[in-house]
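Note sheet for the following structure.
The values are calculated or read from the model by the stated rules, or taken from the named source; none is laboratory data. Nothing here was measured: the structure is a model prediction, and the numbers come from that model. Backbone-built Cβ (ideal geometry, glycine too); neighbour counts: all protein chains shown.
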Amino acid sequence: MSRRQQARARLMAVLEEALDKYIPADESQPMKDGKFWEWEDLADDFDREVTGAFVEELAACSAGAALAEPGGCPHCGSFNTKWLAEEGQRERRSKHGPVVLPRQVARCRPCGRTFSPSGAALGVGCGGGIDATGGGAGKPGVGHGTI
């Protein structure tokens, strides 16, 4: 079974489990009921269960999530680097709930520091540097109108 088919199968299982939790297929089982605001809370719970798994599977299937070589060290620039572990994981909190993402960790032989080259591609937002297109727009003291 391909990685894509595994992802689809897992997502279908997660969806089926969430549906059974809130709207059971067995007619003898009671459905969750309540007021409109309670239904919205249930929808938020459903969203976190299903879309969190969706984000995990997208990350696992992403071509940019796993690199063949660690590349240069972001600390000293040396390309004398090696992978520390074949594969790892990290848990992130997203707006869809907790999400477990794949993570690769490398070590630079000359400076001895570790880094995660896949971390920047899967994270949210800017990596901290000034981007070429925005020129650091939105950062304090950078851009037009600063004194």
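Tabulated results
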item: Those residues of the stretch 84-124 which are among the β-branched types (Val, Ile, Thr), assigned to a strand (DSSP E or B) and modelled with pLDDT of 80 or more, in sequence order; result: 114
item: Pairs where the first residue, in the stretch 1-28, is acidic (Asp, Glu) and the second is in a loop (DSSP other than H, G, I, E, B), C-beta under 6 Å, 6+ apart; result: none
item: Where a residue in the stretch 92-110 is closer than 21 Å to residue 7 by Cα and its partner, wherever it lies, is at pLDDT 75 or above and aromatic (Phe, Trp, Tyr), with Cβ under 8 Å and at least six apart; result: 96/54; 104/83
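Rundown of residues vs (1) touching a helix residue (DSSP H, G or I) at 6+ places or on another chain (Cβ under 9 Å); (2) outside any helix (DSSP H, G or I); (3) modelled with pLDDT under 90; (4) not assigned by TED's automatic domain parsing to the domain that holds residue 101, yes/no style:
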| site | (1), (2), (3), (4) |
| --- | --- |
| 41 | no, no, no, yes |
| 49 | yes, no, yes, yes |
| 56 | yes, no, yes, yes |
| 72 | no, yes, yes, no |
| 75 | no, yes, yes, no |
| 82 | no, yes, yes, no |
